[in-house]
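All of the numbers you see were taken from the coordinates with simple rules; none came from a lab. Predicted, not measured: the structure shown is a model, and the values here were computed from it. FYI the Cβ positions are ideal-geometry reconstructions off the backbone, even for glycines, and counts take in every protein chain you see.
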């Protein structure tokens, strides 16, 4: 059976999307989150959450060269974005969340990354 995207309602599709308005893109936003946010350290990630005035939750992802080569860094960032996309309804509203990948994050599978990132939700 071929995939038919029109089979799913628009509200369901938008509930699991990751639009540009929910992304931290500017350096100023990352700096503000770093200065005023609370940090949560995990084995492979650091999460920083700070209040914003927008009423929506936005995500910023960082992976330095310590994580590994470009393939590993991109994998770590994909895992973080996928976790956010699937769990954004459970996250508190009105926060800027920056997740920093640490060494070894690029080698995790999704289940292990999800288990670790669950601390953000709590």
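Things to note:
- Antiparallel bridges, percent of DSSP beta bridges restricted to the chain (to nearest 5): 60
- Where labels lie 7 Å past Cα in the beta-carbon direction, separation of residue 65 and residue 22 in nm: 3.3
- Only helices enter the 222 nm calculation for the chain: every DSSP H run of n ≥ 4 contributes -39,500 (n - 2.57), and dividing by all residues gives -11500 deg cm²/dmol, rounded to 500.
- Gap separating the Cα centres of the stretch 107-122 and the stretch 20-77, nearest whole Å: 15
- The stretch 41-122 - percent relative contact order, Cα under 8 Å, separation 6 or more: 48
- Approximate spin-label separation residue 85-residue 56, in nm, with each point projected 7 Å along Cα-to-Cβ: 1.7
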